Amino acid sequence: MTLPLFPLNTVLFPGCILDLQIFEARYLDMIGRCMKQGAGFGVVCILEGQEVGPAPTGHAMIGCEAVIRDFQKQDNGLLGIRVEGVRRFRVTGTALQRDQLLVADVEWLAERGDQPLQEDDADLVALLHALAEHPMVAALDMGSEVPGRQSLANQLGYLLPFPEQDKIDLLGLDEPAERLAAIQVLLDDLQGELFA
């Protein structure tokens, strides 16, 4: 399966919302094609290089397919799109097109069925509710109610201020329980740094 890539300085998770401003020709063309075909594109985190200009020289090998949920012309005249992460993939190879658009061969990563929330998750659910009240998070309109552990892990992994490499590692974990446990470890580390 081939997928056009949009390398960004962020890590998108399934079920999460991302707002983007599109102004480079390669991405305007890509978005136009995706909208005509009803297709998605891949969001991968940049490890080396910039979002704007030549294609980054290094990016994560795990990413998330994004589908366009809404679009509008912004006050500054640029195209604004709102995308939702739908499924994770692993990059198995890439090719750089003449217009500097990266296209990847990808394999989809298996998603485990969602598991019901457990009593142990109460603190993390409360944290997500608190995050949902922040104006920037509220503007994404993701809601704070989560149906299960997978959604909880995805939203926390996306919204919490962890380093990008940690987020990439979280995205690569298949089991919701593993992802939630890893999030708890990262939170403990974060709290340790804050109160050190």
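The values are calculated or read from the model by the stated rules, or taken from the named source; none is laboratory data. Quick caveat: nothing in here was measured; it's all calculated off a predicted structure. FYI the Cβ positions are ideal-geometry reconstructions off the backbone, even for glycines, and counts take in every protein chain you see.
Quick notes on this one:
- Selection status of A138, more than 24 Å from V86 (Cβ to Cβ) and of a type in the set (G, A, S): no
- Scanning the range 22-54 for residues that are touching a Gly at 6+ places or on another chain (Cβ under 6 Å) and either surrounded by 12 or more Cβ atoms within 10 Å (Cβ to Cβ) or among the hydrophobic types (A, V, I, L, M, F, W, C) (or both) returns G42, V43, V44, L47.
- Residue check, L152 in contact with a helix residue (DSSP H, G or I) (Cβ under 7 Å, 6 or more places away or on another chain), part of a helix (DSSP H, G or I), on the phi < 0 side of the Ramachandran plot and free of Cβ contacts under 8 Å to residues at least 40 places away in the same chain: yes
- Total residues in the range 18-43, condition touching a helix residue (DSSP H, G or I) at 6+ places or on another chain (Cβ under 9 Å) and not in a loop (DSSP other than H, G, I, E, B): 4
- Taken together, the criteria place G85 among residues that are modelled with pLDDT of 95 or more and touching a helix residue (DSSP H, G or I) at 6+ places or on another chain (Cβ under 8 Å).
- Only listed residue being in contact with a strand residue (DSSP E or B) (Cβ under 6 Å, 6 or more places away or on another chain), in contact (Cβ under 8 Å) with a residue 12 or more places away in the chain and either farther than 18 Å from L12 by Cβ or not hydrophobic (A, V, I, L, M, F, W, C) (or both), chosen from E48, E24, E65: E65
- Criterion: touching a Phe, Trp or Tyr at 6+ places or on another chain (Cβ under 7 Å) and either under 25 Å from N154 (Cα atoms) or not acidic (D, E) (or both) - qualifying residue of V43, V52: V43
- Where K73 falls short, out of the listed (1) modelled with pLDDT of 90 or more; (2) more than 17 Å from R179 (Cβ to Cβ): (1)
- Complete set of residues in the range 65-106 that are in a strand (DSSP E or B) and exposed (fewer than 11 other Cβ atoms within 10 Å of the Cβ): Q72, K73, G93, A95
- On inspection, A122 qualifies as out of contact with any strand residue (DSSP E or B) (no Cβ under 9 Å at 6 or more places or on another chain), of a type in the set (A, V, I, L, M, F, W, C) and more than 23 Å from E164 (Cα to Cα).
- Any hit, the range 129-142, residues being modelled with pLDDT of 95 or more, surrounded by 19 or more Cβ atoms within 10 Å (Cβ to Cβ) and closer than 25 Å to I22 by Cβ: no
- The set of residues in the range 1-14 that are in a loop (DSSP other than H, G, I, E, B), over 24 Å from Q74 (Cα atoms) and not aliphatic (A, V, I, L, M) comprises F13, P14.
- Taking the range 125-149 as the range and being more than 20 Å from V11 (Cα to Cα) and either among the charged types (D, E, K, R) or touching a residue at least 60 places away in the same chain (Cβ under 8 Å) (or both) as the test, the residues that pass are E133, E145.
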